[in-house]
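Everything below concerns the one structure shown next.
The values are calculated or read from the model by the stated rules, or taken from the named source; none is laboratory data. Note that the structure is a prediction, hence the values are computed from the model and not measured. Reconstructed Cβ throughout: ideal geometry from the backbone, glycine too, with neighbour counts over all protein chains shown. Side chains included, ligands, DNA and RNA excluded: accessible areas come from the protein's heavy atoms. Shrake-Rupley method; radii C 1.70, N 1.55, O 1.52, S 1.80 Å.
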Amino acid sequence: MSYKLLVVDDEKDIVETLRKKLLEEGYEVVVAFDGEEALVRVKEDNPDIILLDLILPKLPGFEVLKEIREKYKDKWRPIIIISAQTDLEMVKKSYKLEADHYLTKPCSMENVLRGIRTMISLIPLRRTQ
């Protein structure tokens with residue numbers, strides 16, 4: 001099964017690097033460059049996993065995370081935060097808002113892929129609850 005991933009970041013080079021590598025790994029990839037566009041992509045593209053930056057134009061990542069968790073209770077969508085924010089309070093807030101994993105930039109592609117594979121392994125377990 002091919003999984004659809006949504007990559008949300010305002011840095012176009014980061015989005016392109018992730019998109020290219022994820023496509024090579026066999027994932028379907030959609031992208032968004034701001035928080036409002038991210039919510040549109042979630043609604044229209046129904047991604048299986050979301051890679052989300054916290055500092056975004058138009059709507060901050062925390063608001064995107066909160067809205068996804070409130071609006072889309074029908075399907076568990078793992079959300080992996082990928083952010084340069086290393087402050088412990090930011091990390092705690094992410095988990096309080098139900099982020100599933102937190103990676104700090106810069107992070108290796110190996111860690112991103114490991115996080116994605118971990119979330120994929122949990123999808124069948126979470127969807128049966």
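Mind checking which residues of region 8-21 are part of a loop (DSSP other than H, G, I, E, B) and either farther than 23 Å from LYS96 by Cα or open to solvent by 80 Å² or more (accessible area, probe 1.4 Å) (or both)?
Of region 8-21, the ones part of a loop (DSSP other than H, G, I, E, B) are 9-11.
Within region 8-21, ASP10, GLU11 meet the criteria.
Please work out which residue is least open to solvent (accessible area, probe 1.4 Å), limiting yourself to region 70-79 and to residues that are touching a residue at least 40 places away in the same chain (Cβ under 8 Å) and within 13 Å of the chain's Cα centre (by Cα). Write out each step before concluding.
Residues of region 70-79 touching a residue at least 40 places away in the same chain (Cβ under 8 Å): 75-76, 78.
When the remaining residues are screened for being within 13 Å of the chain's Cα centre (by Cα), the result is 76, 78.
Working: TRP76: 31, PRO78: 0 Å².
The qualifying residue least open to solvent (accessible area, probe 1.4 Å) is PRO78.
What residue, among those in region 90-105 that are of a type in the set (A, V, I, L, M) and in a loop (DSSP other than H, G, I, E, B), is least open to solvent (accessible area, probe 1.4 Å)?
Taking region 90-105 and keeping what is of a type in the set (A, V, I, L, M), we get 90-91, 97, 99, 103.
Among the residues that remain, those that are also in a loop (DSSP other than H, G, I, E, B) are: 97, 99.
Numbers: LEU97: 42, ALA99: 9 Å².
Out of the qualifying residues, it is ALA99.
Going by the conditions given, is THR104 of a type outside the set (A, V, I, L, M), under 14 Å from the mean Cα position of the chain (by Cα) and under 15 Å from ILE14 (Cα atoms)? Step through it out loud before you land on a result.
Numbers: of a type outside the set (A, V, I, L, M): yes; under 14 Å from the mean Cα position of the chain (by Cα): yes; under 15 Å from ILE14 (Cα atoms): yes.
Here the answer is yes, as THR104 does meet what is asked.
Only one of (1) open to solvent by 60 Å² or more (accessible area, probe 1.4 Å); (2) at negative phi is not met by SER83, so which one is it?
Evaluating SER83 over (1) open to solvent by 60 Å² or more (accessible area, probe 1.4 Å); (2) at negative phi leaves (1) as the failure.
Anything in region 102-124 that is closer than 12 Å to ARG77 by Cα and free of Cβ contacts under 8 Å to residues at least 24 places away in the same chain? List them, or say none.
Here is the first cut: in region 102-124, the ones closer than 12 Å to ARG77 by Cα are 116, 119-120, 122-124.
The one that is closer than 12 Å to ARG77 by Cα and free of Cβ contacts under 8 Å to residues at least 24 places away in the same chain: PRO124.
Kindly indicate whether GLU67 is of a type outside the set (Phe, Trp, Tyr), open to solvent by 60 Å² or more (accessible area, probe 1.4 Å) and out of contact with any strand residue (DSSP E or B) (no Cβ under 7 Å at 6 or more places or on another chain).
Numbers: of a type outside the set (Phe, Trp, Tyr): yes; open to solvent by 60 Å² or more (accessible area, probe 1.4 Å): no; out of contact with any strand residue (DSSP E or B) (no Cβ under 7 Å at 6 or more places or on another chain): yes.
No; evaluated as a whole, the condition is false for this residue.
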